[in-house]
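Each remark here refers to the structure printed beneath this line.
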């Protein structure tokens, strides 16, 4: 495992008004895949009764609550405070990436500005999140797949059947386009490069939204591609390659 000091430093900023406590464990586990959460802050008016459910979650996960009173009705002071803090953290030049947790389109420009500075932006929000904010991030994860609990709407996405997958024109075109762009002259493409190509086109793409844990599992389930696991030259971990069956 890489030394903590060698991992990317992340700033995690959460909009409490647009996020549910049930996602926190899944959220922080997901964030750990990208680096170390050096800053974990959550913004809201903590005098409001609808945010009471956050108290135990914040204490157990070391998330710092930032109080922001709603000074004027109809104006979102929480968003403004979160954006100001994000810019202060950006200018500190201490971070490699930002995790913005909200389903609010107000953070679209913030995400774009951070990326303009050369830092990565990971967005987290519900499926209702406006596409503008989703597209402004390098990667966007729908929080429905991160929820904990037994509620029906909290369950992982149902695994899509082969028929459903092949009937999803957008998905098929996305997979084929990514494989084609990453393929060598023989038509074979490294699965890792395919994944990078997909996320560059669709930041919200995640095989878990289709009920699969891994991209390779999803691609294989479509039965539209050949899969080949090859040993590396050092004889270590095998690398998966993909090829469109039409080639």
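The values are calculated or read from the model by the stated rules, or taken from the named source; none is laboratory data. Every value quoted in this text rests on a predicted model; they were computed, and no experiment measured them. Ideal geometry is used to build each Cβ from the backbone, glycine not excepted, and the neighbour counts take in all protein chains shown.
In segment 1-17, is there at least one residue being in contact with a strand residue (DSSP E or B) (Cβ under 9 Å, 6 or more places away or on another chain), at pLDDT below 90 and crowded, with 16+ Cβ neighbours inside 10 Å?
Yes, segment 1-17 contains at least one residue that is in contact with a strand residue (DSSP E or B) (Cβ under 9 Å, 6 or more places away or on another chain), at pLDDT below 90 and crowded, with 16+ Cβ neighbours inside 10 Å.
For segment 22-38, how many residues meet the condition of being in contact with a helix residue (DSSP H, G or I) (Cβ under 7 Å, 6 or more places away or on another chain) and surrounded by fewer than 20 Cβ atoms within 10 Å (Cβ to Cβ)?
The number of residues fulfilling the criteria is 4.
Name the single residue that is farthest from the chain's Cα centre (by Cα) among those in segment 16-61 being in a loop (DSSP other than H, G, I, E, B) and either closer than 21 Å to residue 105 by Cα or not assigned by TED's automatic domain parsing to the domain that holds residue 103 (or both). If you could, list the steps in order and put the result at the bottom.
Let us first name the residues in segment 16-61 that are in a loop (DSSP other than H, G, I, E, B), namely 19-20, 32-35, 45-48.
Then drop every residue that is not either closer than 21 Å to residue 105 by Cα or not assigned by TED's automatic domain parsing to the domain that holds residue 103 (or both), which leaves 19-20, 45.
Values: 19: 14, 20: 16, 45: 26 Å.
Per the stated criteria, the residue is 45.
Could you give every pair whose Cβ atoms fall below 6 Å, whose first residue belongs to segment 68-91 and is more than 15 Å from residue 15 (Cα to Cα), and whose second residue is at pLDDT below 95, counting only separations of at least 6 or pairs across chains?
71/77
Can you tell me how many residues in segment 96-134 are over 22 Å from residue 157 (Cα atoms) and not in a helix (DSSP H, G or I)? So that I can check it myself, show each step before the final result.
Step one: list which residues in segment 96-134 are over 22 Å from residue 157 (Cα atoms), which gives 96-100, 104-121, 132-133.
Checking which are not in a helix (DSSP H, G or I) leaves us with 96-100, 104, 117-121.
Summing the residues that are over 22 Å from residue 157 (Cα atoms) and not in a helix (DSSP H, G or I) in segment 96-134 gives 11.
State whether one or more residues within segment 83-92 are assigned to a helix (DSSP H, G or I) and more than 26 Å from residue 204 (Cα to Cα).
To start, the set of residues in segment 83-92 that are assigned to a helix (DSSP H, G or I) comprises 83-91.
Now narrow it down to the ones that are more than 26 Å from residue 204 (Cα to Cα): 88, 91.
Looking for residues that are assigned to a helix (DSSP H, G or I) and more than 26 Å from residue 204 (Cα to Cα), one finds at least one in segment 83-92, hence yes.
Please tell me if residue 212 is over 30 Å from residue 88 (Cβ atoms) and not in a helix (DSSP H, G or I).
Values: over 30 Å from residue 88 (Cβ atoms): yes; not in a helix (DSSP H, G or I): yes.
Answer is yes for this residue.
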